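Structure record follows, encoded as structure tokens.
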Number of protein chains: 2
Amino acid sequence: MATILNKMREMKPTPELPAALRALIGKGVDAIDTPALVIDLDAMQRNITRMADFARKHGIRWRPHAKMHKSVALARLQMQAGAVGVCVQKTAEAEVMVAGGVHDVYISNEVIHPHKLARVAALAHQVAAVAGGQLAIAVDSIEGVARLAQAMNDARTRTGKSAIIHVLVEIDVGQRRCGVAPGAAAVALALEVRKHAALHFAGLQAYHGKAQHLRSAAERRETISIVVDDVVYTRKLIEAKGLKVGLVTGAGTGTLVREAASGVYGELQAGSFMFMDADYAANERDPAQPQFEHALFVKSQVISSSATQAVCDAGHKCHAIDSGLPTVHNPDGEALWIFQNGGDEHGVLIPAGSQGYPPELDATVWLIPGHCDPTVNLHDHMIGVRGGLTHGKVERIIRVDARGALT
Amino acid sequence: MATILNKMREMKPTPELPAALRALIGKGVDAIDTPALVIDLDAMQRNITRMADFARKHGIRWRPHAKMHKSVALARLQMQAGAVGVCVQKTAEAEVMVAGGVHDVYISNEVIHPHKLARVAALAHQVAAVAGGQLAIAVDSIEGVARLAQAMNDARTRTGKSAIIHVLVEIDVGQRRCGVAPGAAAVALALEVRKHAALHFAGLQAYHGKAQHLRSAAERRETISIVVDDVVYTRKLIEAKGLKVGLVTGAGTGTLVREAASGVYGELQAGSFMFMDADYAANERDPAQPQFEHALFVKSQVISSSATQAVCDAGHKCHAIDSGLPTVHNPDGEALWIFQNGGDEHGVLIPAGSQGYPPELDATVWLIPGHCDPTVNLHDHMIGVRGGLTHGKVERIIRVDARGALT
């Protein structure tokens, strides 16, 4: 165990917080150098509370996706509020979470390479030694199941201890990415999982990513209704073979109210609700969805200006643009400017209305990223502010522990 | 000086190479875990040699943009081949370069915040203590010039030593981002620079970013002809005031042959030639441009597959998509697959022709990133391979020293 932990530490060194960041704590928002990723801690906490209340009310567990925040500290905060653990997408993310003391982790993705599966099996043995520890993983191929079983056997031989890994069969419910078709193919995989003593067939992964950003609430509702039909049908076929489908897991911030109301899903994977990015905010809100607030911002500064436009120091090396450009946030009212793409290091700001004017040289401009997950991944730290973006103070610095944890 | 160096080190800790990466050296390409950023060192070296030969032939200096590779080791490699120093876009990047021993650095961007200008001034004093050391910076506002002068004065008072910073007046030659209009506004700024003893008016920054990716060589040529006219006109006005325009700097990989042939530009800033991404490869090559090769790849692996498509483990957390999706590279021939966006952690691969088939589970897939600069910024290390992507061996690991150096 000590060896594994040491290996983890070597893989992802956790240096002391840089002095310049440490020195920020207790200072006003003005002291934050730009560009920087800033969390409105009050808004984030309200989002977490709303999600916890929502899950409690619906009697459903939540296991937020840590691929979004990549932070051990935020995973712990979510778990203190009631989350049962975290999802991750990568083996390296799981390693960071476990090394940070988060012992209930689900890799909601397929892992195929024997080297990576050896790391997965090592993690499964590591968390098995902790009370309440559990590792789960998704599969969508017979080959993947066989390799996972082999890796678990090898780890048992190596460590002299046995452990169980929970296995979710992923079905493609419309995402058109990973997963087998609902129905017979899923049954075959579940039966395959049952063959191996170290593998526990835990249930179904049924996540529809593309449904999250269908703009109309009605469309999202109808799409998830079809998903639920697919899940119920597949579950029935699997249970007819004498296998229990203990868990159905899925749902994102866009659709979670529907999975929660389905009576079929046991866990919600939604993660973005905590930060709410511009893309999710562009959705028509489902009346049943908690009112989540923007809590993640890029603070930037105007470094060049003219009569018609201004240029700030934030480009797409500090916010992801895969789901659209950032919107401009005015902590004191209506947005005054529109952000246009200025390349890797710049953003171009033009007035939002025909009567407006661009921001002046030196002005602070707050951006709401289009997509929070890959935005967070661009930063080493997030700066947590309490008391709002105008008069607030820096309360804590949150490390993006799994930034760049790609493998 | 020691204090500044210590501060640099604290700001950007440079930990030992992780053991898993150290262990790769000498191994075959197969041993590289995915997804990973891989450099074909032979191709990169040929690109550098072609650029060095080109510059020598045209009697022009080259100062490649280190915002692209963000690596001290690669900056040194370029300087060994004849580059006079590097450009950077951010103060933090300049700090990383200087801390790594690169002492001729040009910040080709505007810096406005007094805190950042204090860092710039500290760097100027630091490199002034080194033989041949020099720091330069771009300006486009009177306020920016005044603040820079103030910061230089403060640093002189603090250190008890005087230093000079080279100042380039940025003119907007069509990029529509930073820079003042060619002509009178540039003259006014140059005169403003002259007022301050610690500022040396070094010349003009005239970079047309948007021209780099005009697809037709003729369009790029015509666009740069107009740029050159603007530069000549502005230079004439400034020189009429008794100020020498010692240097005109600009040019990217798409247009460099035109700036080089202009007789007006003194330095080329092109950086991407070294890696050549998919976006630059989509340009019609100017007959006068050296034939640069792709040298930067993302190695990925298929983790899920069906009869119609496959899914690999590389999404836009490991390659930038601002300038288009990656293309698929076949080291042994024609590209067989087309990459489609699969989100943050996945890529979807479909056959390139109607008769084709998707790659099999476990297959290695090589991607050519759409845009090299922000792709490199997503990674901590680049894995340098010698002898090709099929039978080559890992020769060295190159750290992305200035990854995430945003401020």
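Remarks
- The residue that is surrounded by the fewest Cβ atoms within 10 Å (Cβ to Cβ), among those in segment B:123-142 that are among the hydrophobic types (A, V, I, L, M, F, W, C) and within 13 Å of chain A (Cβ to nearest Cβ), is B:ILE142.
- Any hit, segment B:191-211, residues being within 14 Å of another protein chain (Cβ to nearest Cβ), surrounded by fewer than 19 Cβ atoms within 10 Å (Cβ to Cβ), under 26 Å from B:ALA281 (Cα atoms) and not hydrophobic (A, V, I, L, M, F, W, C): yes
- Among the residues of segment B:275-320, those identified as touching a residue at least 40 places away in the same chain (Cβ under 8 Å), hydrophobic (A, V, I, L, M, F, W, C) and outside any loop (DSSP other than H, G, I, E, B) are B:ALA278, B:ALA281, B:LEU296, B:PHE297, B:VAL298, B:VAL302, B:ILE303, B:ALA310, B:CYS312.
- Residue that is of a type outside the set (Asp, Glu), within 11 Å of chain B (Cβ to nearest Cβ), out of contact with any Phe, Trp or Tyr (no Cβ under 6 Å at 6 or more places or on another chain) and crowded, with 24+ Cβ neighbours inside 10 Å, where the choices are A:SER323, A:SER304: A:SER304
- Single residue of segment B:82-98 satisfying the filter (part of a helix (DSSP H, G or I) and at the interface with chain A (Cβ under 10 Å from one of its Cβ atoms)) that is nearest to the chain's Cα centre (by Cα): B:GLU93
- Verdict on A:LYS317 being within 14 Å of chain B (Cβ to nearest Cβ) and either touching a helix residue (DSSP H, G or I) at 6+ places or on another chain (Cβ under 7 Å) or at pLDDT below 95 (or both): yes
- Only residues that are crowded, with 17+ Cβ neighbours inside 10 Å and more than 20 Å from B:ASP362 (Cβ to Cβ) were counted across segment A:166-186, and they come to 9.
- Test result for B:ALA295, away from chain A (no Cβ under 11 Å), crowded, with 23+ Cβ neighbours inside 10 Å and small (Gly, Ala, Ser): yes
- Total residues in segment A:228-273, condition under 30 Å from A:ALA295 (Cβ atoms) and surrounded by fewer than 17 Cβ atoms within 10 Å (Cβ to Cβ): 1
- Qualifying positions in segment A:163-173 - outside any strand (DSSP E or B) and away from every other protein chain (no Cβ under 14 Å): A:ALA163, A:ILE164, A:VAL173
- On inspection, B:HIS346 qualifies as facing chain A (nearest Cβ under 10 Å) and surrounded by 23 or more Cβ atoms within 10 Å (Cβ to Cβ).
Listed here are the residues, each with its yes/no results for (1) surrounded by fewer than 24 Cβ atoms within 10 Å (Cβ to Cβ); (2) modelled with pLDDT under 95; (3) within 14 Å of chain A (Cβ to nearest Cβ); (4) out of contact with any helix residue (DSSP H, G or I) (no Cβ under 8 Å at 6 or more places or on another chain).
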| site | (1), (2), (3), (4) |
| --- | --- |
| B:GLN80 | yes, no, no, yes |
| B:HIS115 | yes, no, yes, yes |
| B:ALA149 | yes, no, no, yes |
| B:LYS161 | yes, no, no, no |
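- Residues that are at pLDDT 95 or above, surrounded by fewer than 21 Cβ atoms within 10 Å (Cβ to Cβ) and more than 10 Å from every other protein chain (Cβ to nearest Cβ) were ranked within segment B:329-343; the one that is nearest to B:GLU293 (Cα to Cα) is B:HIS329.
- The listed residue being surrounded by fewer than 17 Cβ atoms within 10 Å (Cβ to Cβ) and either of a type in the set (Ser, Thr, Tyr) or touching a residue at least 40 places away in the same chain (Cβ under 8 Å) (or both), out of A:GLY59, A:GLY28: A:GLY28
- Those residues of segment A:20-43 which are in contact with a helix residue (DSSP H, G or I) (Cβ under 7 Å, 6 or more places away or on another chain) and assigned to a loop (DSSP other than H, G, I, E, B), in sequence order: A:LEU24, A:ASP33
- Meeting the requirement of 2 or more residues that are over 28 Å from the mean Cα position of the chain (by Cα) and either at pLDDT 95 or above or of a type in the set (A, V, I, L, M, F, W, C) (or both), the helices (runs of 4 or more DSSP H) wholly within segment A:183-266 are A:184-194, A:217-239.
- Candidates B:LEU214, B:LEU189: the one that is farther than 30 Å from A:GLU360 by Cα, in contact (Cβ under 8 Å) with a residue 40 or more places away in the chain and among the aliphatic types (A, V, I, L, M) is B:LEU214.
- Scanning segment B:228-253 for residues that are under 25 Å from B:HIS65 (Cα atoms) and of a type in the set (Asp, Glu) gives B:ASP229, B:ASP230.
- Restricting B:ALA124, B:ALA73 to those that are outside any loop (DSSP other than H, G, I, E, B), in contact (Cβ under 8 Å) with a residue 24 or more places away in the chain and farther than 23 Å from B:ALA320 by Cβ reduces the list to B:ALA124.
The values are calculated or read from the model by the stated rules, or taken from the named source; none is laboratory data. This is a predicted model, so every value here is computed, not measured. Note that we place each Cβ from the backbone using ideal geometry, even for glycine, and neighbour counts take in every protein chain shown.
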